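The values are calculated or read from the model by the stated rules, or taken from the named source; none is laboratory data. Keep in mind the model is a prediction, meaning the values are calculated, not measured. Note: ideal-geometry Cβ built from the backbone for every residue, glycine included; neighbour counts use all protein chains shown. Areas reflect the complete protein model, heavy atoms only, side chains present, ligands, DNA and RNA absent. Shrake-Rupley method; radii C 1.70, N 1.55, O 1.52, S 1.80 Å.
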Amino acid sequence: MQSSIINVGIDLLKFYRGCSFMDEEFELELRMIFLREADANLEEAEEAYLQFSENASNDLLARCFRLAHNLKGSSKAVGYTEIAEILHHLESFLLRLKNKEFAITQKITNVLLGTNDRLKIIIEQLKINPNYKTNYKQIIDEINQVSGETPPLINEDQKPDLKEGDIIVLIDYDKSDKVKNSSDINKLEENKLEENKLEESIKQKNFHNKKFLNDEIIRVSLNKIEILQNYIGEIVIIESMIEEQMSLVNYQSMKNYFRLLIKATKEVQEIVVSLRLVPIKPVFQKLLRTGRDTSAMLNKEVNITFIGENTEMDKFILDELMDPLMHIVRNAIDHGIEESEERIEKDKMREGNITVKASHESGNLILTIADDGKGMNPKLIYESAVKKGVISGTETLTDMQCFELIFIPGFSTKTETTEISGRGVGMDVVKTNIEMLNGKIDIFSQVDMGTEFRIKIPLSVGIMDAFIIEISKEKFIIPVHQVVECLSLSKSNLTYLTGIDNVISLRNEEISVVDLSQGLNIQNKNDEKLKDKVIFIVQAKGKKIGALVDKIISIQSVVTKNLGEELRCESGIVGSVILGDGKVVPILEIAELVASQSFQKNLQKINSRQII
């Protein structure tokens, strides 16, 4: 494949020379992914702009602003700096509209739609010819012109007649904003004919490149894969129903056939799940470029290290994580990493360091972004929040609560607005996107030591192997991937300390054991079969925990269902399962359950009674 395909914008080859994972085909794939994302983004933006004449609400303007902001970041990350430059000016213009510096007129709407149309044309041309160049300065000039000539807020009745401007913006993509006479129109038509001939020539020249892309990738709608996965889930539920009935009869040959059916279904299930799984490597690649560009813009020396680039996750999760991770990396360089001279004064290395790590832990995707910069000062964050009116100043907040303030929309510790930060947009988007994935984000920071963001997101599986357990005659689900090992209570070396804490000694390692019936407050008074109980060993944040249950009923494949909003308040209950008998059973996240306030409160109540 010709090297000209990747010579767009900043010379990536110079930067990535020596990186074993970077090749021309992979870089081209990254850009094609961006172009597909841009299509969806611009379609959504057009839909929003068309609503301006009906209802230009703050939410609608905020939506348009974020669309421009997100696409700007993605375009810069893959080297399309001209698109990023257009979007930066568009973003600033939308921010002024959002701040109500002037009224939204028909002309403004036309300019926004016209700019959006031109961006669509640029994207389509880049699909045909990766070397396509556009007169982006002219587009920027038009945005700046309408921004400068627009008067302050006026009444609807006072709006001028802008029919001539309307025609200009919608049809003239390459010449001046005003069509003065018929000769200009004739010239415009001639130019368009020349452009059509040029486009045809480009298509012929780049036919091989486009054919390569189409032949290499078969695009299947994610919706179709989800439908297929749902049907397989229904099959698994039906299998569990049949299994319930077959336990009542003694028909050995039928049981053998049923086992073959289960085996075949499981293989199909694993294939379907694998179709949705993709490595995080493309995201890391974008972050590498984002970090390079941001550090160069701020004149800072930064090294970015990636760990776990082959960690796989659901495609939907990968797409939703792209923007949050880019925001965090930019903020780490802008807010966290100090200037080289300041780092030397603090006895630090001249170059700042950022580490991005991806891993799996107990069925969850764990992402950490850590830097060795100045860290967050909770006192300064608190004072800034008071000045901006985010909080009243009478609240008493812990350090962790102060850190959480950075996720509030509109909050920023920067006093000046730059292309990178200061707008108060970014971190609120980060939290919103992660919560949409049923995930959570935690911040750990020390002044002059650095900051770490830890993101935890449940892996989207749909069907999984799980233990069906019993606690005080109630059924629960514990996913197999959470469990390190299982032990019989009768065979374990369980030691009671002060009558409160239970500790098991396992291969010279002491592990705390909690009784789930006590923490869930469903304790059964009948403890005659205490020795028949089972201990599940799970691991969270590098620490092992023992969970005591009454018994294991079975191990089988189950179909997971999400909980409704009204049921998500209970920490440690992450979903539900429909069993063969039709009963809905909750799925437990042991580590999260044991750490929850309600669980610990129940344990304290029971322990206080034991002491008395």
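Key figures
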read-out	value
Hey, M254 touching a Gly at 6+ places or on another chain (Cβ under 6 Å), over 30 Å from T368 (Cα atoms) and open to solvent by 30 Å² or more (accessible area, probe 1.4 Å) or not	no
Test: residue in the range 237-245 that is at negative phi, open to solvent by less than 70 Å² (accessible area, probe 1.4 Å) and at pLDDT below 80	no
Within the range 273-368, helices (runs of 4 or more DSSP H) holding 3 or more residues that are among the aliphatic types (A, V, I, L, M) and either closer than 27 Å to Q229 by Cα or not assigned by the TED database to the domain that holds E452 (or both)	315-331
Single residue of V594, V584 found to be among the β-branched types (V, I, T) and open to solvent by 50 Å² or more (accessible area, probe 1.4 Å)	V584
Residues within the range 265-292 that are more than 30 Å from I235 (Cβ to Cβ) and either under 19 Å from the mean Cα position of the chain (by Cα) or surrounded by 20 or more Cβ atoms within 10 Å (Cβ to Cβ) (or both), tallied	12
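Each row is one residue, and each column tells you yes or no for (1) in a helix (DSSP H, G or I); (2) surrounded by 14 or more Cβ atoms within 10 Å (Cβ to Cβ); (3) touching a strand residue (DSSP E or B) at 6+ places or on another chain (Cβ under 7 Å); (4) at pLDDT below 85.
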{"position": "A370", "(1), (2), (3), (4)": "no, yes, yes, no"}
{"position": "G373", "(1), (2), (3), (4)": "no, yes, yes, no"}
{"position": "G389", "(1), (2), (3), (4)": "no, no, no, yes"}
{"position": "S392", "(1), (2), (3), (4)": "no, no, no, yes"}
{"position": "F403", "(1), (2), (3), (4)": "yes, yes, yes, no"}
{"position": "V425", "(1), (2), (3), (4)": "no, yes, no, yes"}
{"position": "I441", "(1), (2), (3), (4)": "no, yes, yes, no"}
